[in-house]
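Okay, structure first, notes after.
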Amino acid sequence: MHPMPLSQAWIALLMFCCCACASDFGHITLNKEPNDHLASLAQISDSDVSLERTFLSPAHRRAAAQLRVWMEEAGMETWLDAIGNVHGRVNGSDPDAAATVIASHFDTVLDGGKYDGSLGIIVGIAAIKHTVLQAAQQAGVDLADSVQQAGASVPEAARVAAQKTLRAPLHLVAFSDEEGIRFKSTFLGSRALVGSLVPNGMLDAQDRQGQSLRHVLEAEHAAAGKGSRSAEEIAASLVLPPQSVREYVEVHIEQGPVLESLGEALGAVSAIAGQTRLWVVVNGTQGHAGTVPMRGRADALAAGASIVVAIERICGGGPDATHASDETSAGEMLVCTVGELRVWPGASNVIPGSVQLSVDIRAKDLVSAIRASRPLLQQILPGEKQAAACRGLGEQCEWGGDAETIDAEGGLPSSAPACSGQDGRDVPVLVSGAGHDTMAMAEITKVAMMFVRCRGGISHSPLEHAEPEDVAAASAALATFIAGRMLLG
């Protein structure tokens, strides 16, 4: 596990440097194009009334094709792998050198927002295109008017010159699945690259139609005209060897209110909180809503509701929460959420016979998250919950998986000298309560993240919004970081 290295090498990534936009083409590549692309990508959806783009859906495939077009316009060679990741790459003067990998995801939650995940990909395209043009210009290529219009492709001469000017390859990845909507297994795209699909048993995960990830991988591989291979063989072919990756960088909206409250566009991420997930099943007795007396019912939904309220109370929330419990929760960054509830048979005139619910527990570190789950288990497991016993209900709980904390303590001090575009203010340093593909990539390389301010801290919602100037700031910061590490001379 590689911590996030908050060292001097990453300062440029954390701040908006006006110099990046000062080039002849900076306004186009770092401002207009990324904002236009985000608007266009948000129109690619499986729903006519909301943004919905899940793993390998029709809209997901259309989005992948569009991302390839934009990557190629930016001077990258592109390909699509068997799990649906879109890759773009610009080789450097040493094509065999370890690459800087820039990535995020392009799947969405149901009724999602247009910046979650997509922002990091689009900003990556913008920064790489800007770097390629900058490298070509440095090599003496006359760009003339060829890049003065939004959407113009990088000239072939510029692409070739840039490859001779860059120290090492730049590798952009648009991950196919981070949200885990289809298979209930998060980070499928990034886990494929680090080789953890098979060890974590993800090939046997099934969607609601009963299709396994194993079947999907084999079908996608065959559909691409690559013949018949086992899912294990396909998974092995997707892995990026650790020695081929120099570092990993991800840009993402904050999904919280801190940057907005500080009046800052960008922030550094020092750590990603640990999390654990439970899946609770409550079994009651299904019956007729009009004929079974209230005192004789074993209503699975009523018991499930009791569990939801207990979870909220134990984690320090609810109408009766005290200030002391609030402080404890804040200190450990403890948050607990029941985000999914399945009721069987789900009819208005039938007493529910079974309820399934998800429990998401997050804390500053994984140990705290697991420790918080113990009183929850005492409330949930058979024989431990008096209300369930009185109703004659059976309950069971399954672990949905743990995610370790990605830590960065001990690197750069929590403030960094800002460049001229920041008026000398310190760069905010935040801990992410949300999980990100960075967590998977930390298994094979050093990682870093930059957060971008979002309005109201709202995410996973159509109200999700980042200001166009903040998108430009993120693009310029990433371009500045790349140029500082990749341009020769």
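Numbers for the structure displayed
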quantity	calculated
In sequence order, calculated HN-Hα J values of the stretch 283-296 (Karplus, 6.51, -1.76, 1.60; Hz; x Gly/Pro)	10, x, 10, 5, x, 6, 5, x, 10, 8, x, 4, 6, x
Length gained when the stretch Val292-Ser40 is fully extended (0.36 nm per residue, less Cα-Cα span)	85.3 nm
Global geometry of the stretch 425-489, whether rounded, prolate or oblate, following the gyration tensor of its Cα atoms and the 1.5 cut on a/c	oblate
In order through the stretch 450-464: 3J(HN,Hα) via Karplus (6.51 cos²θ - 1.76 cosθ + 1.60), integer Hz, x for Gly, Pro	10, 9, 10, 4, 10, 5, x, x, 7, 8, 6, 7, x, 7, 4
Dipole moment magnitude, nearest 20 debye, the stretch 76-166 about Cα centre, only Lys, Arg, Asp, Glu C-beta charged	160 debye
Average accessible surface area per residue within the stretch 81-211, 1.4 Å rolling probe, Å²	32 Å²
Among 125-137, 185-197, the order from most to least packed when residues are scored by Cβ within 10 Å on average	125-137, 185-197
Chain lengthening between Glu469 and Ser306 when straightened (0.36 nm per residue, less Cα-Cα)	54.1 nm
Computed over the stretch 44-125, the ratio Rg/Rh where both radii use C-alpha atoms and Rh is Kirkwood	1.01
Cα centroid of the stretch 197-268 to Cα centroid of the stretch 77-139, whole Å	15 Å
Distant-in-sequence amide H partners of Tyr115 (H built 1.01 Å from N, under 5 Å)	none
Cα gyration tensor shape for the stretch 21-86, rounded if a/c is under 1.5, else prolate or oblate	oblate
Length added when fully stretched, Ser57-Asn349, from 0.36 nm per residue minus Cα-Cα	101.7 nm
In nm, spacing of pseudo-spin labels at Ala65 and Ser358 (7 Å Cα→C-beta vector)	3.0 nm
Dipole of the stretch 66-222 [Lys/Arg +1, Asp/Glu -1 at C-beta], most positive-end residue of Leu143, Val101, Ser118	Val101
Approximate spin-label separation Arg208-Leu488, in nm, with each point projected 7 Å along Cα-to-Cβ	5.4 nm
Restraint check, Lys129/Lys446; Lys164/Lys446; Lys32/Lys114, Cα-Cα greater than 21 Å	Lys129/Lys446; Lys164/Lys446
Global form of the stretch 168-308, assessed from the alpha-carbon gyration tensor, a/c cut-off 1.5	oblate
Near-label residues of the stretch 159-183 by backbone N, under 11 Å of a point 7 Å along Cα→Cβ of Ala144	none
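The values are calculated or read from the model by the stated rules, or taken from the named source; none is laboratory data. All of these numbers come straight from a predicted model, not from anything done at the bench. Glycine gets a Cβ as well: all are built from the backbone with ideal geometry, and neighbour counts include every protein chain shown. Side chains included, ligands, DNA and RNA excluded: accessible areas come from the protein's heavy atoms. Shrake-Rupley method; radii C 1.70, N 1.55, O 1.52, S 1.80 Å.
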